[in-house]
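In what follows, a single structure is set out as structure tokens and then discussed.
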Amino acid sequence: MQDTEILNGYEINSADVIKAIIKFEKKPINSDNINQIKVIETHISLIYLTQKFAYKQKKKVNFGFLDYTSLEKRKFYCRKELSLNRRSCAGIYLDMPELRLKNDGSLLLGYKKGKIIDYLVRMKRVADDKFLDGIFAKDKDKNKDTDINFNTDIDKILQKTAKRIYLFHKNANSSKRISMFGKVDILKENFDDNYSDVYNFISGEKELNFDALDNINNINSADNINSINNANNINYLNAQKILNNQNNQNNQNALYNQNNLKKLKNIFYDFINSGEFAQYIKLRISKGLIKDCHGDLRMEHIVIGNISKISGICILDCVEFSEKLRFQDVYLDFAFLLMDMEHRGYFYESVKIFDYYKNYFSSGLIYLFREYEFKVMSAYKLYRALVRCKISILQTHGENNKIEESKESKESKENEKNTKNNDSKGNGADKLNEAVNYFNLAMFYAELLTKPVIVMNVGLPGSGKSALSFLLSRYLNASLFASDKIRKELFASEDVYLYDKSISKKVYEYIFEESKKTVELKKSVVMDATFLEAAHRKIFIDYFTKKYCNFIVIYSKIYKEKENIIIDRLKSRKTKSDFKSAKSSEFSGYSVDCSFHADSQTVENENFKSNDFTKDYSDADEEVYLRMKKTLDEPDLESGGATVLTIDASIELKDRYNCVLAQLLEMRSL
């Protein structure tokens, strides 16, 4: 970085700053102390990490949405960063030491002597495994030491984090002036800023050579299934990476197709220009829910210091450089975190944390916005995914924005090379692939706004398909047609065996007719039934694959070597079932209609806790399971033109759910 106005042509590099930091901490300048400092580079900052502190230096850059090109601007925004982040992170943000140039040409960090050439923000250093993304990453690395037990503490972490964000939003400033930033015109401006950058990148580099990206592994469908169903050593985030890379070339083409980008904008604009969204925003403004928010609420900006108390959770690194990006609907702020979690494959945890967050508001307030929630949050997450797509694109050009080196000794040059890292954790090709993944995620949300999803959930009793169906219907805002409930509602008063073939035939006919009506209303459907016979499935497949919808068959497969898990699940059904766990209070944010009607918006009481799912409607026991097992026609990978996702029924519900949605994301096509 070079500032000719301040430095009169003097060039500095990170090695110079490292030495100044070492002297500021009253340590000798030697190779050990130099090598202990890690430098992380983002597209707008350099962060120097010592044993106890983190020093952030703003780059002299102008991206339009931020401008750090002058010393006075960097000073102003350093002060803003301190004051704004102290709202949610007291004790972490310390002070603003001055970077000074001495007469002998050396740098000094402090408050006396020399000419001020820059300002740094000093913070207490936080261990990597204390950040929310680091905690979740620990689940991938079983050998990584941390004092947080992922399996036992994650629910508490999500709940306390949701409350911390709720309290932050509750206490954030709101005013008539701030509320004006919640209006549609401002949202359009912010969207267009990101859209234009992505569009210009595509327009300027649409002939880009993809050779670098083609080196990413392409895994065929059979390998995907084997990876997904290897329950002894399963990692669903790795499964998601495999799925994201499977059709990598097609995904690259999707990003570089200007028509796709224009379609994305049209879908977003169609919704935010609608009367429905105008009414929503009017209500949000009237209720004071346009606030001075965070603006960049992602997993890597949340610190879990002490989960035993709310104050032990810290929210770092808010947007200090733009009121337009910080003054917003609190749901838009929270949507950034949800999108970030889903981008990483944590769909289950995303649903949970949003439910926890909403439950801290009054039930009357949540009820007021219930009917808008699905579309609004889909649109908000679409916008957030496009923001990160743009940022990843900016980072592909990071090599052109390196700090210029001064005449330095070989030792200092080597130190800079060894200590300097990039937040991309990869090269330009990695960041471009990341941009593609964010773009695909934005398209996935766009599809949820415009194209119904029809899910046929196939599986034997005890496979956990009902719990999975419930959660999928929640996420997709779908009408849920559950065969066990329908069977009892239609025939419980009659003296018949409920699992008789003639009864099952009538139940399937009912599900088929009601699903047809729902799709005609352009709404999504989840069908929860055994669907044992290929003939039954064919009726549905032949009809829905010809409709404007995404039709998916999910097969919850019971592997022979794991059948004992399913038998135990059936035996414990009367006391505690996988199905009931899905409908516990942790998922009480709103109800899903699983009755005969296509309308999934029914709210049964002011607390939105559905009574439909507190009861397990299935009477299928081990005997029924063994009998049905003999008649099961297993779906093929390609079943009559429908795509079949095969999931290991023995694994945890959250892992099945995350894997299914990761695959739905991969399969999306506008």
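Here R474 fits the description: of a type in the set (D, E, K, R) and under 28 Å from the mean Cα position of the chain (by Cα).
The residue that is modelled with the lowest pLDDT, counting only those in segment 102-122 that are farther than 14 Å from K23 by Cα and buried (at least 16 other Cβ atoms within 10 Å of the Cβ), is G114. Of the helices (runs of 4 or more DSSP H) lying entirely inside segment 249-333, those containing at least 1 residues that are polar (S, T, N, Q) and modelled with pLDDT of 95 or more are 258-272, 275-286. Pairs linking a residue in segment 106-124 that is β-branched (V, I, T) to a residue that is outside any strand (DSSP E or B), with Cβ atoms under 7 Å and 6 or more positions apart or on different chains, are I117/D3; I117/I6; I117/L7; V121/C78; V121/E81; V121/L82; V121/M96. Scanning segment 54-94 for residues being among the aromatic types (F, W, Y), assigned to a helix (DSSP H, G or I) and at pLDDT below 95 gives a total of 0. Annotation note: of E434, E411, the sole residue that is over 27 Å from V184 (Cα atoms), modelled with pLDDT of 90 or more and not assigned by TED's automatic domain parsing to the domain that holds L283 is E434. The helices (runs of 4 or more DSSP H) located wholly in segment 505-592 that include 2 or more residues which are touching a helix residue (DSSP H, G or I) at 6+ places or on another chain (Cβ under 7 Å), modelled with pLDDT under 90 and assigned by TED's automatic domain parsing to the domain that holds G464 occupy 563-571, 578-582. Within segment 135-153, identify whether any single residue is at pLDDT 85 or above, assigned to a helix (DSSP H, G or I) and crowded, with 20+ Cβ neighbours inside 10 Å, and answer yes or no. Yes, the conditions are met somewhere in segment 135-153.
The values are calculated or read from the model by the stated rules, or taken from the named source; none is laboratory data. Keep in mind the model is a prediction, meaning the values are calculated, not measured. Ideal geometry is used to build each Cβ from the backbone, glycine not excepted, and the neighbour counts take in all protein chains shown.
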